[in-house]
1. Along the three principal axes, how long is the stretch 8-51 when you take its alpha carbons, biggest first, rounded to the nearest angstrom?
2. For the stretch 1-160, what is Rg from Cα atoms divided by 2.2 N^0.38 Å, rounded to two decimals?
3. In whole angstrom, note down how far apart the Cα centers of the stretch 177-209 and the stretch 159-176 are.
4. Give, in whole angstrom and from largest to smallest, the semi-axes √(5λ) of the equivalent ellipsoid of the stretch 89-192, with λ running over the eigenvalues of the Cα gyration tensor.
5. Given H placed on each backbone N at 1.01 Å, which residues far from L222 in sequence or on other chains put an amide H within less than 5 Å of it?
6. For the chain, evaluate the Debye formula with one uniform point scatterer on each Cα (no solvent term) and list log10 I(q)/I(0) at q = 0.08, 0.10, 0.13, 0.14 Å⁻¹, rounded to two decimals.
7. List the relative contact order of the chain as a percent without decimals, with contacts defined as Cα pairs under 8 Å and 6+ residues apart.
8. Any chance you could list P(r) for the stretch 205-294, counting all Cα-Cα pairs in 5 angstrom bins from zero, rounded to whole %?
Amino acid sequence: MEKSPFVRLALLQEKVDDKVKCLTCERHCVLREGQKGWCGTRINYRGKLYTLIYGMVSSLSANPIEKKPLYHFYPGSVALTAGSFGCNFDCPWCQNWEISKSAPDPILARFYSPEKFVQEAIRRGCQGTSISFNEPTLSLEWSLEVFRLAREKGLYNTFVTNGYMTPQALELLIEAGLDAMNIDVKGGAEAVRKFCKADVEKVWRNCKAAKETGVHVEVTTLVIPSVNSDEVTLHSIASRIYHELGPDTPWHVTGYYPAYHFNAPPTPVKLLEKARQIGLEEGLEFVYIGNVLGHPGENTYCPNCGHLLIERFGLSVTGCNLRDGKCPRCGREIPIVGG
């Protein structure tokens, strides 16, 4: 097994009697010999924990940073984005279920060393890297090496994540060069426990820790009818962003479409507009509507005077009216990294 290019010793593990405990994510799987963790990407082999997806790239594309979505981080730039296999959540509506719900498959993947991946990003004219598509925390060992090399070459590094990594994993990522995260807050405590089999408080903890350490943080909520679309839940999420992450933290309320094992109807646009209004009522300065092509809620407006600052159409920035990072009408400074 050790001869496979995809297999590496896992960084975060500890012995528990005759088993091995994984410390990469908050599931803390305790595995006996030959057993794989919840995510399917880690295995106890001869008393040690190994990752099975080091450099295993199932999906690769150069994406606008707006696709993450990261609207306040180097707008208009492009990040070379890689995904692998597996997930540590159980969401029945998963939009990337083909890879996140699949076991690691060397036949369907390509091996990218960190050096090759960073070289590819530069070759394609990208300004940064992004680990995304499936849950990037599972690619921890590879991500750390990619981030270090990318930072040396002047590239930024981003994660699109459910935020369920351990504090140790998050600390390693930040030390290696993680610059920005879009973190998916999927709903209230009960809904996340029921549908994702997870504790949303761990996600909020990591949102706060990342923000306090200087990582740029944006939050996304896929608004799903019957799961997290009630006003109480939306007010609660918006309020926590305001009080725990700050009013200038962007919140993306994104339209859901039926996928995988979930058949609720698509999110009505009016519901997304209501969610955006709730965010603004709670004091958030930047609330965006996602997955509704051409909606005015894609744009950035000055929270002080309402002036249109960044105009978007889907994943494209079609206009930028910022002047030295400020609103040209009222002079309000707009917190956009690289803007």
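Values in this text are rule-based calculations from the coordinates and carry no lab data. Bear in mind that the values here come from a model prediction, so they are computed numbers and not experimental data. Counting neighbours? That spans all protein chains shown, and the Cβs are built from the backbone with ideal geometry, glycine included.
1. Rounded to whole Å, the extents work out to 21, 18, 17 Å.
2. Working: Rg = 15.9 Å, N = 160, 2.2 N^0.38 = 15.1 Å.
Ratio of Rg to 2.2 N^0.38 Å for the stretch 1-160: 1.05.
3. Cα centroid of the stretch 177-209 versus Cα centroid of the stretch 159-176: 12 Å apart.
4. On the way: eigenvalues 122, 62, 29 Å².
Ellipsoid semi-axes (Å, largest first): 25, 18, 12.
5. The answer is T254.
6. Debye intensities relative to I(0), on a log10 scale: -0.37, -0.58, -0.98, -1.14.
7. Values: 742 pairs, mean separation 44.5, N = 339.
Result for the chain is 13 percent.
8. P(r) over the stretch 205-294, rounded to whole percents: 3, 15, 25, 22, 17, 11, 6, 1.
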